[in-house]
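Scroll down for the structure; my scribbles are underneath it.
The values are calculated or read from the model by the stated rules, or taken from the named source; none is laboratory data. Everything quoted here is computed from the prediction, not taken from an experiment. As a convention, Cβ positions derive from the backbone with ideal geometry for all residues, glycine included, and neighbour counts pool all protein chains shown. Please note that ligands, DNA and RNA were not included when accessible areas were found on the heavy atoms of the full protein model with its side chains. Shrake-Rupley method; radii C 1.70, N 1.55, O 1.52, S 1.80 Å.
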Amino acid sequence: MTESVHMQRSTLVVPSFRRSMIEKAIGTDVDCLQLDFEDAVASTDEAKTEARRTVLTARRELDFGDHLVSIRVNSIDSRWLDADLEACIEARPHAVALPKVATAEDVASLDERLTNLGAPPELRIWPGIETVSGVVNCDQIAQSSPRIETLRFGFADYTNTMHGQLTETFDHLYYPLTKVLAAARMHGLFATAPTVVFGDIRRLDLVRNQALQLRLLGYDGATVIHPSHIAEIHAVFTPTPDEIDWALKQERALALAHQEGTGVVMLDGHLVENLHISMAQRTLAIARKLGLAAEAV
């Protein structure tokens, strides 16, 4: 799934109770909008109802352009979930993001409920792996529905369930980050994680540093809570001109090597073999999707 035609470098969480916030989010260049029915909305029936009404009106009246749209519903055991899902069917997002997924059965239940409501097969599910049980069960979760497209790790709730502390680094999170990512890659899924949750949102250096840690691990992108963070995320997850040029050189050099019957070549003092080409091809796929490199001939 990570070779899909769309991008998930950046996902902006948008409180869905206020139309002006949705309009502002649409005006950004973020890849994905996540309209939130869960944590960003007060836990009252009135607030949840108003959030659904606001999203439905916005989906009817506003042009969302090329943004990928997901809706984060309330948890599988919430009394608000059924109404959330009915609103999702009407709003026709690309994906339904289910928070705090604990087991594969949570996703299977969501899939069944969506299908019974008449959801089209192309409606995707983005499970939120945000608790100890979710991390422990993430491999089973990743294969629990054909609708699953992206695993979303949430470090704030995970840290809370571990009785840990939120810090500016991911040093204490490399186990769950890697485990969730491995489960995603095992089953051909995207993987995203947040930056600067409950931190100082003015610290753009912190946003970039956390995003860089995610990219070095292999994540496809990051979730952010403020529009000012988008440029920092894109700076990290968008291939640079030098990276694109090097990927093109590797691609051409190994193609010539294969014609000569060898799978290894020296290029500018670097050993290049098939694994480097796989990495180069991922770089070029992103670059070509963004119009930063010519299509392969």
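Summarising the overall dimensions of region 174-297 from its C-alpha atoms, the Rg and Dmax are 17.0, 55 angstrom. Each principal axis of the Cα atoms in region 50-149 has its own extent, and those three values, largest first, are 42, 28, 24 angstrom. Select from region 155-263 those GluC sites (Glu not before Pro) which occupy a DSSP coil region and have at most 16 other Cβ atoms within 10 Å, ordered by residue number. Here the GluC sites (Glu not before Pro) that fit, given the DSSP loop and packing criteria, are Glu168, Glu260.
Rounded to the nearest 20, the Cβ-based charge dipole of region 179-238 about its Cα centre (Lys and Arg +1, Asp and Glu -1) stands at 120 debye.
Per residue, region 185-297 exposes 54 Å² of solvent-accessible protein surface, assessed with a 1.4 angstrom probe and all protein chains in place.
Rounded, prolate or oblate: which fits region 43-108 when a ≥ b ≥ c are the square roots of the eigenvalues of the alpha-carbon gyration tensor, with rounded for a/c under 1.5 and prolate only if a/b beats b/c? Don't skip to the end; give the middle numbers.
Details: a/c = 2.58, a/b = 1.36, b/c = 1.90.
Since a/c reaches 1.5 but b/c is at least a/b, the shape of region 43-108 is classed as oblate.
So what is the 222 nm mean residue ellipticity for the chain from helices alone, if each DSSP H run of at least 4 adds -39500 (n - 2.57) and you divide by all residues, rounding to the nearest 500 deg cm²/dmol?
Working: 12 runs with 136 residues, N = 297.
Computed ellipticity for the chain at 222 nm equals -14000 deg cm²/dmol.
If one puts a single equal scatterer on every Cα of region 1-71 and applies the Debye formula without solvent, what log₁₀ I(q)/I(0) results at q = 0.22, 0.25, 0.27 Å⁻¹? Each listed q corresponds, in turn, to -0.91, -1.09, -1.21. Region 247-297 and region 40-106 have their alpha-carbon centroids 42 Å apart.
For the chain, the fraction of C-alpha pairs farther apart than 30 angstrom is 34 percent. Using the Cβ-Cβ distance between Lys24 and Asp45 with R0 = 30 Å, the FRET efficiency computed as 1/(1 + (r/R0)^6) comes to roughly 0.65. Per residue, region 1-65 exposes 46 Å² of solvent-accessible protein surface, assessed with a 1.4 angstrom probe and all protein chains in place.
Out of the DSSP beta bridges found with both residues in the chain, what percent are antiparallel (nearest 5)? Provide the component values of the computation, followed by the final result.
Numbers: 3 of 32 bridges.
If we restrict to bridges inside the chain, about 10 percent are antiparallel.
By definition, a body whose alpha carbon gyration tensor gives a ≥ b ≥ c is prolate when a/c is 1.5 or more and a/b is larger than b/c, and region 78-215 fits this prolate description. Only Lys, Arg, Asp and Glu carry charge here, each on its Cβ (+1 for the first two, -1 for the last two); on that basis the chain has a dipole of about 220 debye about its Cα centre. Percent of C-alpha pairs per 5 Å bin in region 132-208, short distances first: 3, 15, 25, 22, 16, 12, 6, 1.
Computing the accessible area with a 1.4 Å probe over protein heavy atoms, can you report the carbon and sulfur percentage for region 232-297? Numbers along the way, then the final one.
Values: 2240 of 4010 Å².
Solvent-exposed carbon and sulfur of region 232-297 make up 56 percent of the total.
For the chain, modelled as a GNM whose springs connect Cα atoms under 10 angstrom apart, the maximal fluctuation among Gly221, Gly261, Gly134 occurs at Gly261.
Surface composition of region 88-163: carbon plus sulfur atoms hold 51% of the accessible area, using a 1.4 angstrom probe and ignoring ligands, DNA and RNA. Using the Cα centre of region 201-257 as origin and beta-carbon charges of +1 (Lys, Arg) and -1 (Asp, Glu), tell me which of Tyr219, Leu204, Ile230 is placed farthest towards the positive end of the dipole. Positive-most Cα among the choices belongs to Leu204.
Compared with the dominant Cα axis of the chain, that is its longest principal axis, helix 81-91 is turned about 60°. In this simple spin-label model, placing a label point 7 Å from the Cα along the Cα-to-Cβ direction at both Ala182 and Leu166 gives a separation of 2.8 nm. The value of relative contact order for the chain, using C-alpha pairs under 8 Å at least six residues apart, is 15 percent.
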